[in-house]
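Below is one structure, written out as structure tokens; comments come after it.
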Amino acid sequence: MSYITGPEIVKYACTCGLLKPLPELYFCRHCSQIRCSFCLCHAVDSFFCGKCSENIPSAEARHKKNRCANCVICPSCQQELSTRVASKGPINPDDAKSAVKKSYYLSCHFCHWTSRDVGIPDQPSATGCWPERENVHINRLQEVLDVYQDIMLSQQQQKENSKKKRGKFVSYTDRTGVTASALRRRIGIPDIPHAKIKKPKPLDPAIAKSEVEELPEDIFTEPLKLMEITTIDQRLMQPESQPLTVDKLFPIHKQLTIKRSLRCRTCEHNVCKPEYNPTSVKFKIQLFAYYYIPEIRFVTVEPLRAGQTSELIIKFTNPTQHQTTITIFDLDLEEQEKYVEEQKLFDIIDNFEQAMSLEEKQQLSLPSLVMSSGSQPSSMYSLQSRQPSVIVKPRKINQAVNCNVAIPESTFILPPRDDAAEYDDSSDVHNIEDDPKLVKWRKSNKAFIKLAVTPAADLKIDDEVVCGFTMQHIYTNVIPAIVENMPHKYDHKVRVFFRLGKIVGSE
Amino acid sequence: MSTYQSLSSEKLTVVLDIGSAFTRFGFTTDFAPRYIIRSEVRCKKTNKLRKICDYDSADDLYDMLVELIHIIYFKYALISPKDRPIVIVESLLCPTLFRETLAKVLFLQYEVSSILVLPSHLVALASLANDTGLVVDVGYKEAVVIPVCHGLPILQAWQALPLGGEHIHSHLKSLLSSSNTGIQNLPENFLEDIKVRCCFVTKSSRVEQLEGGKPEYAPPPDVVYPYAGTESILVTGKVREKTFEILYEEDNDHLCLSTMILDAILKVNMDLRQKLAENLVLIGGTVMTLGFKARLKEELQKQLNNDRYKVLNIHEFKFHTLPCKENYAAWLGGAIYGATEFLSMKAISKDFYLREKHLPDWINLKDINNTVSRTL
Ligand SMILES: Nc1ncnc2c1ncn2[C@@H]1O[C@H](COP(=O)(O)OP(=O)(O)OP(=O)(O)O)[C@@H](O)[C@H]1O
Ligand SMILES: [Mg+2]
Ligand SMILES: [Zn+2]
Ligand SMILES: [Zn+2]
Ligand SMILES: [Zn+2]
Ligand SMILES: [Zn+2]
């Protein structure tokens with residue numbers, strides 16, 4: 001469990017440059033790239049109530065303001081309320097057989113709030129239509145909205161008419177000779193000084209009064225009954241009424257929850273799509289990196305001393321059905337930085353092209369980056385594995401390392417995962433020739449690897465030691481549609497970072 | 001099913017007012033926000049809550065806004081932001097870094113189709129169906145006064161002071177620690193609850209007694225406030241009454257809440273002054289405090305005797321009563337504007353943004369200050 005909840009010792013770098021533990025990463029099989037929740041596009045898939053597990057169609061969810069019609073939460077402590085029976089005895093006391101008339105009220109197990117506290121009458125049915133508070137200003141506000149909608153509509157029509165006449169528009173950035181009218185336009189308000197004169201339906205503006213709400217006189221003498229006054233959180237839970245006292249707290253319908261699907265922004269494929277049924281924890285599509293990228297766990301490290309080499313042991317596990325070969329390379333953060341710059345460059349070229357096509361060549365000076373980048377712009381064009389223009393740009397990996405990892409000369413093999421082998425010790429014979437300097441021990445699809453790590457010489461006691469390397473593994477692509485234009489197997493690289501612990505002393 | 005057709009999800013447009021303390025979220029055509037949540041996100045590294053306004057760089061702000069917007073869409077709004085417009089209500093004094101970063105997050109990270117940015121002081125008048133008013137917003141970080149005349153914010157008259165919830169909380173904290181020995185580092189949310197449940201803005205007639213510690217001063221009853229389970233804190237009557245006094249304590253430049261309002265009026269044309277004084281609109285969470293409006297009226301009246309304000313020739317102040325709670329008045333204005341054709345006419349489209357890489361700067365105060373004063 002500590003692997004899931006504990007400190008994140010081993011982190012993998014996503015394509016976008018963020019570091020995350022492996023279970024939080026996805027792997028787009030179409031792009032063969034690691035993705036994470038930050039660089040994927042999220043979409044709402046289905047709605048359900050977390051209490052009654054009812055699936056709610058989206059139109060109904062909107063209609064019910066994203067709340068469950070049946071479940072309510074406590075306005076006092078926000079826990080779920082339960083319905084209690086209050087039997088009132090038989091309808092006809094003389095007739096022993098007559099049905100007991102039941103009524104219901106709401107009660108909170110946690111803070112003992114009940115719907116009776118606030119004077120809500122008991123309801124005849126368990127799924128009772130608990131009274132809702134009405135906005136007292138609703139009629140006036142609806143009138144105001146109607147008038148605004150009318151005004152803006154005529155505005156828009158006028159604008160369209162004048163556009164036909166003039167065919168010219170005032171640039172936002174034109175700052176010379178701003179008139180009140182231009183300023184209006186810039187601020188984004190209608191260009192008619194007295195828009196209200198033109199309004200199709202008369203509406204009286206609100207009238208200000210000189211009287212204001214006075215401070216209640218008894219505040220200076222009456223003891224404050226703290227328990228009757230709401231907290232700020234209780235008030236804000238009911239934005240419309242924001243009751244000051246607890247006797248005005250009404251039960252709140254429970255907010256619905258959603259299932260989300262995640263889509264790769266580069267290729268538009270889903271990498272995660274849940275099943276519709278709210279009680280199902282399964283997925284229709286689940287391209288978790290965990291299923292494709294070898295997992296590395298920290299096993300042990302010798303005490304870390306500044307400038308001295310310690311032995312680090314880590315465990316590699318192959319999650320796939322295919323044998324893979326692992327090669328360890330240098331972290332090479334410069335390369336990642338270059339990649340980030342390249343992506344930015346694409347952006348600039350995109351812009352440049354757009355700008356050119358807009359025939360604003362005169363004003364536009366070439367961004368210096370294109371000129372000074374060393375690589376010729378023309379070759380950049382040929383590089384275009386074009387991406388959609390709106391995409392989360394990768395960023396530089398923001399993790400410093402202060403410990404050297406001796407890069408092993410040899411590689412090692414991870415056999416495919418074999419679920420049956422887990423239960424069968426005898427069959428654990430493999431004819432793999434390992435470099436004994438590298439592989440300490442192996443079993444089925446797992447291998448324990450020894451690495452020599454040397455914390456930087458200038459580290460002090462208690463400094464956190466972080467190291468990292470690039471892992472290359474052979475990824476076997478199994479989606480038939482893609483096999484044609486992509487290699488079946490190829491090398492995939494990912495940067496992995498380890499928080500090894502603290503320096504314990506120089507000697 | 002067909003009854004819901006008119007509410008098709010296409011028409012749902014999110015309206016957002018991200019304040020320094022609270023974020024109001026809801027949809028256009030609604031008359032109240034669905035949620036008012038704290039403008040905070042959990043820091044991935046430390047697992048502690050961090051205020052959005054405490055960002056330390058543009059990248060840091062970007063990441064926090066990504067998180068906040070994610071929560072708003074996928075926990076509360078329950079719609080996908082992609083290819084939908086969004087309405088943002090923001091202060092005219094909103095830092096450029098903040099608005100540009102927010103636009104970047106919305107367009108690049110969430111791929112919204114367009115953003116309608118509305119100045120909070122201006123749209124706060126919408127629910128009153130009024131186009132002229134002196135809008136006073138007292139929120140968390142600051143109090144900002146901007147006159148709006150015939151639908152045009154008079155930017156050169158703006159006034160701002162760091163008077164708001166944050167300042168009040170720290171004042172309350174120091175008052176409490178002097179009457180409760182050994183109690184320090186009370187968490188801010190706890191202080192806020194003491195403030196909203198126990199404290200109030202007192203009458204100006206009691207101020208002299210309160211400040212002078214006169215023997216005839218009869219404080220309101222003390223409150224024993226439960227703290228950390230079994231312990232408690234004494235909130236004396238004096239503290240209850242004194243907490244909000246900093247709003248009217250003049251600073252080194254003799255500025256306070258009441259002078260700000262009068263200074264703003266002083267900066268507009270003579271013939272507009274009386275009209276503004278008769279159309280005071282108070283918005284922001286802090287103005288909801290018990291006794292706030294009554295006291296403000298007293299203080300304004302008192303300041304009129306000040307030589308500096310005699311020239312105003314104002315005799316009476318009038319206050320509007322909003323058809324909503326003051327802490328979401330600006331949001332409501334955004335919801336009204338956003339429900340009209342204004343959205344399609346004035347929203348900044350993704351295409352425009354991707355081309356220009358920034359928002360049109362309608363609030364470049366330096367420019368506007370010069371030009372407005374010339375044109376008015
Ligand atoms: N219902 C209420 N009753 C009393 N005080 C409130 C209420 N709601 C909010 N406040 C107080 O108002 C302050 C927040 O006001 P508001 O929500 O207008 O600020 P904001 O918009 O987040 O901040 P800013 O405008 O400075 O960026 C907080 O200090 C809070 O304690
Ligand atoms: Mg605000
Ligand atoms: Zn990512
Ligand atoms: Zn339910
Ligand atoms: Zn409860
Ligand atoms: Zn992809």
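Values in this text are rule-based calculations from the coordinates and carry no lab data. In this text, all values refer to a predicted model and were calculated from it rather than measured experimentally. Neighbour counts run over all protein chains shown; Cβ positions are idealised from the backbone, glycine included.
Tabulate in residue order the Karplus-calculated ³J(HN,Hα) for the stretch B:248-257, using 6.51 cos²θ - 1.76 cosθ + 1.60 with θ = phi - 60°, rounded to whole Hz; enter x for Gly and Pro.
Couplings: 10, 7, 6, 7, 4, 8, 6, 10, 7, 4 Hz.
Applying 1/(1 + (r/R0)^6) with R0 = 60 Å to the Cβ-Cβ distance of A:ARG84 and A:GLU433, what FRET efficiency is obtained, to the nearest 0.05?
Efficiency at R0 = 60 Å is approximately 0.25.
Suppose each label sits 7 Å from its Cα in the direction of the beta carbon; what would the B:SER344-A:ASN277 distance come out to in nanometres?
4.4
If you take every DSSP beta bridge fully contained in chain B, what fraction is antiparallel? Give it as a percent rounded to 5.
Within chain B, antiparallel bridges account for around 65 percent of the total.
Cross-link list A:LYS259/A:LYS315; A:LYS284/B:LYS45; B:LYS141/B:LYS242: which exceed 26 angstrom alpha carbon to alpha carbon?
A:LYS259/A:LYS315; A:LYS284/B:LYS45
I need two numbers for chain B: Rg to one decimal and Dmax as a whole number, Cα atoms only, in Å.
Over chain B's Cα set, Rg and Dmax evaluate to 22.0, 72 Å.
Residue-wise, which Karplus ³J(HN,Hα) couplings in Hz belong to the stretch A:297-313, taking 6.51 cos²θ - 1.76 cosθ + 1.60, θ = phi - 60°, and x for glycine or proline?
Karplus values, whole Hz, x for Gly and Pro: 10, 6, 9, 7, 9, 5, x, 8, 10, 4, x, 10, 7, 10, 9, 10, 10.
Residues of the stretch B:308-333 with backbone nitrogen within less than 14 Å of a virtual label 7 Å along the Cα-to-Cβ line of B:ASP271, please, listed as ranges.
none
Treating cross-link reach as a plain straight distance, find the lysines whose alpha-carbon is under 20 Å from the alpha-carbon of A:LYS209, omitting any fewer than eight places away in the same chain.
Straight-distance partners of A:LYS209: B:LYS203, B:LYS275, B:LYS293, B:LYS297, B:LYS302, B:LYS318, B:LYS325.
Give me the net charge of A:ARG84's neighbourhood, meaning all other residues with Cβ under 11 Å from the Cβ of A:ARG84; Lys, Arg count +1, Asp, Glu -1.
For residues surrounding A:ARG84, the net value is +1.
Distance between Cα centroids, the stretch B:76-101 to the stretch B:21-44: provide it in whole Å.
When both Cα centres are located, 12 Å separates them.
What whole-number distance in Å separates the alpha-carbon centres of the stretch A:13-27 and the stretch B:216-247?
51
I'd like the Karplus ³J(HN,Hα) series for the stretch A:264-274: coefficients 6.51, -1.76, 1.60, θ = phi - 60°, whole numbers in Hz, and an x wherever there's a Gly or Pro.
6, 6, 7, 10, 6, 7, 6, 10, 8, 9, x
Of the beta bridges DSSP finds with both residues in the stretch B:56-186, what % are antiparallel, to the nearest 5?
Here the share of antiparallel DSSP bridges comes out near 65 percent.
Given H placed on each backbone N at 1.01 Å, which residues far from A:ARG260 in sequence or on other chains put an amide H within less than 5 Å of it?
A:ASP45
Give me, ordered by chain and number, the residues 5 or more places off B:PHE22 or on other chains with an amide H under 5 Å from its own placed amide H.
B:SER39
Net charge near B:TYR248, counting Lys/Arg +1 and Asp/Glu -1 over other residues with Cβ under 10 Å of its Cβ?
Value of the local net charge: -3.
Can you list residues from other chains, or at least 5 along the same chain, whose modelled amide H is less than 5 Å from the amide H of B:ILE233?
Result for B:ILE233 returns B:TYR225, B:TYR227.
Given labels modelled 7 Å from the Cα in the Cβ direction, how far is it in nm from A:GLU213 to B:LEU234?
3.2
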